Amino acid sequence: MEMKFIPLSVPNFSGNEKEYVNGAVVSEWVSTGGSLVGEFEQKVAGYAGMPAAVACNSGSSGLHLANLVAGAGRGDEVLAPALTFIAAVNPIRYVGAEPVFIGCDDSLCMDPVLAERFLSENCEMRGGCCYNRRTGARVRAIVVVHVFGNMADMPAFLALAKKYNLVLIEDATEALGTRYTGGPLAGRMAGTMGDAGVYSFNGNKIITTGAGGMVVSNHPDWAEHAKYLSTQAKDDQLQFIHGEVGYNYRLTNVQAAMGLAQMEQLEDFIAHKIQMHEFYASRLDGKNGYRVLGFRDGVRANRWFYSLYLEDPRHQRDQVIAALAEQKIQTRPVWALINEQKPYLQCEAYGLEKAEDYRAKIVNLPCSTNLTAEDAQRVVDVLLAL
Ligand SMILES: *Cc1c(COP(=O)(O)O)cnc(C)c1O
């Protein structure tokens, strides 16, 4: 019998996607006009508990918009995670600023203790602003990433942002639906606590519009500014007057149609992610030299990606990945650290020990929202036989 391929993370279109997308095509509103983009924005905003949301054509463009409206620019520095996808960091350069890389804690997200140490030991406050003593640059913002749907330590980052007068941007591209269930921020969703937050609807994310993103902000004028910049900074309906250098970053009506159908299923997707994470954890955690990394306490994480941690050195990451691939099971390593990537080799990097360890020892397991227990058991069986 032909062995079934088990992908890492694929979309799940078992809801109203085809009907809604077809409706958009039949209506002939297939581009950035049409009513569904606004509907999708309202749906996501309502879900996140925000007054407004600005749809855009990718999480990356959303992060670019967030950096722009945050006022980060030439000569500024921005604290960013070393362990993340490069799309969280590139927008810092798009606006002419420089990242300073900070290591992670055991949530895989940026460690606020390391960030604080960098700010207190290497920076100074002058006139209410924070400056890097070595470079003289103003430290303008922190970009935290809610890695794999886990929650970064937001109470700590909010306190840091306040103390050092920094803008806090949340890259929640992997964390739609992750929220605090306890503590001072109970009920608050990833992406909604800082100055601006960004979601992604890329094909591998928890919901997808093929490609797409959304920006939310606690400053109504920032959200409005993001929308303005995303639509070529056009000042009027008729006369083609533009007040700034804008971008063509809008989502299309067809994508929004798909997004509306996906939003109807988001909570079911999260329930499935949680169930399958527990499936792997109960069969692999503490067995055969493996750990299955958990998610932060006091948080309902969307558990977007699962991390198998190779505690026993007899398991080598790339060999494990190759052994699974031989059985038609697709997995991947966690990202190479951004400070080691060619465009960022000159940047300051701080406290990378844990990030380096997790980079070396994590394998992300299949986690699609249509992954069956039977398929997950096959993954488990292969791993236990290694
Ligand atoms: C997916 C992702 C992005 C970018 O989102 P796109 O929609 O693919 O542009 C940014 N940051 C992180 C951490 C991501 O995982």
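Being within 16 Å of the ligand (Cβ to nearest atom) and either within 20 Å of residue 366 (Cβ to Cβ) or modelled with pLDDT of 95 or more (or both) is true for just one of 287, 273. Which residue is that?
273
Provide a single number: the residues in segment 345-356 that are surrounded by 14 or more Cβ atoms within 10 Å (Cβ to Cβ), acidic (Asp, Glu) and not in a loop (DSSP other than H, G, I, E, B).
Result for segment 345-356: 1.
With respect to residue 114, is the statement that it is within 23 Å of residue 156 (Cα to Cα), within 12 Å of the ligand (Cβ to nearest atom) and in a helix (DSSP H, G or I) true?
It is false that residue 114 is within 23 Å of residue 156 (Cα to Cα), within 12 Å of the ligand (Cβ to nearest atom) and in a helix (DSSP H, G or I).
Kindly evaluate residue 370 against the criterion of being among the polar types (S, T, N, Q) and under 19 Å from the mean Cα position of the chain (by Cα). Walk me through it before giving the result.
Working: among the polar types (S, T, N, Q): yes; under 19 Å from the mean Cα position of the chain (by Cα): no.
Against the criterion (among the polar types (S, T, N, Q) and under 19 Å from the mean Cα position of the chain (by Cα)), residue 370 does not qualify.
Looking for something open to solvent by 50 Å² or more (accessible area, probe 1.4 Å) and out of contact with any Leu (no Cβ under 8 Å at 6 or more places or on another chain) - is there at least one such residue anywhere in segment 329-337?
Checked segment 329-337: no residue is open to solvent by 50 Å² or more (accessible area, probe 1.4 Å) and out of contact with any Leu (no Cβ under 8 Å at 6 or more places or on another chain).
Go through the residues of segment 182-202 one by one and say whether even a single one is within 11 Å of the ligand (Cβ to nearest atom), over 27 Å from residue 77 (Cα atoms), in a loop (DSSP other than H, G, I, E, B) and not β-branched (Val, Ile, Thr).
Checking segment 182-202: at least one residue is within 11 Å of the ligand (Cβ to nearest atom), over 27 Å from residue 77 (Cα atoms), in a loop (DSSP other than H, G, I, E, B) and not β-branched (Val, Ile, Thr).
Being more than 25 Å from residue 169 (Cα to Cα) and surrounded by fewer than 24 Cβ atoms within 10 Å (Cβ to Cβ) narrows it down to one of 281, 211, so name that one.
That would be 281, the only listed residue that is more than 25 Å from residue 169 (Cα to Cα) and surrounded by fewer than 24 Cβ atoms within 10 Å (Cβ to Cβ).
Just to be sure I understand the filter: pairs with C-beta atoms under 6 Å, separated by 6 or more residues or on different chains, first member in segment 49-64 and within 13 Å of residue 191 (Cα to Cα), second member open to solvent by 10 Å² or more (accessible area, probe 1.4 Å) and within 12 Å of the ligand (Cβ to nearest atom). Which pairs pass?
59/173; 59/200
For the list (1) of a type outside the set (Ser, Thr, Tyr); (2) open to solvent by 10 Å² or more (accessible area, probe 1.4 Å); (3) free of Cβ contacts under 8 Å to residues at least 60 places away in the same chain, I need the number of the one condition that residue 267 fails.
Tallying (1) of a type outside the set (Ser, Thr, Tyr); (2) open to solvent by 10 Å² or more (accessible area, probe 1.4 Å); (3) free of Cβ contacts under 8 Å to residues at least 60 places away in the same chain, residue 267 fails exactly one: (3).
Based on this model, can you work out whether residue 139 counts as open to solvent by less than 10 Å² (accessible area, probe 1.4 Å), outside the structural domain of residue 293 (by TED's automatic domain parsing) and away from the ligand (no atom under 12 Å from the Cβ)?
Yes; evaluated as a whole, the condition is true for this residue.
Looking at (1) of a type in the set (S, T, N, Q); (2) out of contact with any Leu (no Cβ under 7 Å at 6 or more places or on another chain); (3) surrounded by 24 or more Cβ atoms within 10 Å (Cβ to Cβ), find the lone condition where residue 181 falls short.
Of everything listed in (1) of a type in the set (S, T, N, Q); (2) out of contact with any Leu (no Cβ under 7 Å at 6 or more places or on another chain); (3) surrounded by 24 or more Cβ atoms within 10 Å (Cβ to Cβ), residue 181 misses just condition (3).
Could you pull out every one of the helices (runs of 4 or more DSSP H) wholly within segment 1-100 that has 3 or more residues that are open to solvent by less than 60 Å² (accessible area, probe 1.4 Å) and within 13 Å of the ligand (Cβ to nearest atom)?
Fully inside segment 1-100 and qualifying: 59-69, 90-94.
Only one residue in 164, 180 is within 21 Å of residue 45 (Cα to Cα), of a type in the set (Phe, Trp, Tyr) and not assigned by TED's automatic domain parsing to the domain that holds residue 273, so which one is that?
Sole residue among the options that is within 21 Å of residue 45 (Cα to Cα), of a type in the set (Phe, Trp, Tyr) and not assigned by TED's automatic domain parsing to the domain that holds residue 273: 180.
The values are calculated or read from the model by the stated rules, or taken from the named source; none is laboratory data. These figures come from a predicted structure and were not determined experimentally. As a convention, Cβ positions derive from the backbone with ideal geometry for all residues, glycine included, and neighbour counts pool all protein chains shown. Remember, those area values only see protein heavy atoms, side chains included, never the ligands or the DNA or RNA. Shrake-Rupley method; radii C 1.70, N 1.55, O 1.52, S 1.80 Å.
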